[in-house]
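One structure is given here, and the rest of the page talks about it.
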Amino acid sequence: MDLRQELEALQRAAEQAIAGAGTPDALEAVRIGLLGRKEGRLTEIMRGLGKLPADERPAAGAAANRSKECITALLDARASVLAGGGAAVARVDLSMPGRRRWRGARHPVTLVVDEICAVLAGLGFTRARGPEAETDWYNFTALNTPLDHPAADMHDTFYLAPGVLPRRHTAPVQMRVTQQIQPPIRIVAPGTVYRRDPFDASHAPAFEQLEGLAVDEGIGFVDLKATLTEFARQLFGSGTRVRFRPSFFPFTEPSAEMDVSCVLCGGGGCSACKQTGWMEIMGAGMVHPAVFTNAGYDPERYTGFAFGMGAARIAMILYGFPDIRLLYENDVRLLEQLVRP
Ligand code: DAH
């Protein structure tokens, strides 16, 4: 039997003997049998280490020391059980609160994306997605945005390679979907978009957007207004008022910006809405005929509306966040406290 096997056998025997010792005296006898200076079995093994060839000694010594530590710990544990008798069990304080394990949770932006998609699902919109790396055709040209538009400038958009960019908005998914399927279409496409913006209280260089698109024969601006008004009431509360302000986007005509009555003050004016009573939540409009032509649709036959919103912006409104950076710094102490009011 080599030393390792000998130690293992000793350890097993020790475990049994220690567990079987029913009194402090019996345990002391076991201790002497193992570690006693004269006849302890482990002591004898350790004494024998000196006879080993010099190159085997360090490893053997370490193994013997580990056994000694282990046996000593078992002896101590058994001794304290025997000393306390049955009281060892009673000393466990059952009223002590359990240790709380840290549990992961979904990020507030993810929760808001899911909530928005759920509301839109109720209105007939299916989730869609498209690639994050896009060509400038999908990101700009197909959406009626000429490449000399300021948004296509290197100062505003990251480029991965000539003509390839991390998408600036989720609007390219409109084109990806219309190229693949025929109307009627009702989709919502959440995803990350990238801009060459400074990271400040209201801008992030990468953020989540949601794109909506509805296409069919006979869709009018009234459908846009009705759908988005119902959406806002379900998301922000049934008493929410909405307003549409004229705006401009190259891919929609007419275009609008949609505001909801301030979720904090209800419209009276407060610091969150800069005293206006309104909060802007998205851009929207009737799909430009040129976009339909690029998709291969007959713009005389089909009409539709599109809308785009920032999930972080909606999260800021719903959770009352003053600064978008808080959502992306991911300090768990803050994220843990986020429960939708
Ligand atoms: N793509 C716009 C943006 O990133 C948002 C937008 C506005 C999307 C109007 C739309 C729309 O679909 O119709 O700012």
The stretch 3-91 - percent of accessible surface contributed by carbon and sulfur, probe 1.4 Å: 56 percent
Potential lengthening between E28 and L147 on full extension [0.36 nm per residue; Cα-Cα distance subtracted]: 34.0 nm
Surface per residue (accessible, 1.4 Å probe) for the stretch 108-335, Å²: 45 Å²
222 nm mean residue ellipticity, helices alone, for the chain (DSSP H n ≥ 4; -39,500 (n - 2.57); rounded to 500): -12000 deg cm²/dmol
Estimated vicinal HN-Hα couplings, Hz - the stretch 254-270 in sequence order (Karplus 6.51, -1.76, 1.60; Gly, Pro = x): x, 10, 8, 10, 10, 10, 10, 4, 3, 6, 8, 9, x, x, x, x, 8
Under-5 Å amide H pairs with M282, H placed in peptide plane, nonlocal only: M258
Among P58, P184, P246, residue whose mean-square fluctuation peaks in a GNM of the chain (springs only between Cα atoms under 10 Å): P58
Cα-based reach from K51 at 20 Å (exclusive), listing lysines while leaving out same-chain residues under 8 positions away: K38, K68
Per-residue SASA entry for L338, accessible area with 1.4 Å probe, Å² rounded to 10: 40 Å²
FRET efficiency estimate (nearest 0.05) - Cβ-Cβ, S238 to R100, R0 41 angstrom: 0.65
The stretch 3-91 - percent relative contact order, Cα under 8 Å, separation 6 or more: 34 percent
Two-site FRET efficiency, A77 against E253, from Cβ-Cβ distance with R₀ of 56 Å, rounded to 0.05: 0.10
Of all accessible heavy-atom area on the stretch 191-309, the percent that carbon and sulfur account for (1.4 Å): 50 percent
Using alpha-carbon coordinates, inclination of helix 221-236 to the longest axis of the chain, degrees: 30 degrees
Relative contact order (percent, whole number), the chain, Cα cutoff 8 Å, 6+ residue spacing: 14 percent
Net dipole in debye of the stretch 162-252 [+1 Lys, Arg Cβ; -1 Asp, Glu Cβ; about Cα centre; nearest 20]: 220 debye
In order through the stretch 98-113: 3J(HN,Hα) via Karplus (6.51 cos²θ - 1.76 cosθ + 1.60), integer Hz, x for Gly, Pro: x, 5, 7, 7, 6, 10, x, 8, 6, 5, x, 5, 4, 4, 5, 4
Distance from the stretch 257-302 to the stretch 167-181 (C-alpha centre basis), Å: 19 Å
Length gained when the stretch V332-D200 is fully extended (0.36 nm per residue, less Cα-Cα span): 45.5 nm
Nonlocal amide H pairs with G36, under 5 Å, H built at 1.01 Å: R41
Virtual spin-label span in nm between A121 and A161, 7 Å along Cα→Cβ: 3.7 nm
Within the chain, longest stretch clear of exposed chymotrypsin sites (Phe, Trp or Tyr not before Pro) (DSSP loop, no more than 16 other Cβ within 10 Å): 200-341
Residue range of the chain that is longest and free of GluC sites (Glu not before Pro) which are both DSSP loop and sparsely packed (at most 15 other C-beta within 10 Å): 133-216
Pairwise FRET efficiency - E230 versus K274, Cβ, R0 = 45 Å, nearest 0.05: 0.95
Sites excluded, trypsin sites (Lys or Arg not before Pro) in DSSP loops with at most 12 other C-beta within 10 Å, longest stretch of the chain: 107-273
Exposure rank, largest accessible area first [S80, S67; 1.4 Å]: S80, S67
Label point distance in nm, Q182-D298, each placed 7 Å from Cα along Cα→Cβ: 1.1 nm
Cα-based Rg of the chain normalised by 2.2 N^0.38 Å, two decimals: 1.75
Partner aspartates and glutamates for K274 [C-alpha distance under 14 Å; skip if fewer than 8 residues away on the same chain]: D259
Prolate/oblate/rounded label for the stretch 26-90 (Cα gyration tensor, a/c 1.5): oblate
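The values are calculated or read from the model by the stated rules, or taken from the named source; none is laboratory data. Everything quoted here is computed from the prediction, not taken from an experiment. Note that each Cβ is placed from the backbone with ideal geometry, even for glycine, and that neighbours are counted across all protein chains shown. Areas reflect the complete protein model, heavy atoms only, side chains present, ligands, DNA and RNA absent. Shrake-Rupley method; radii C 1.70, N 1.55, O 1.52, S 1.80 Å.
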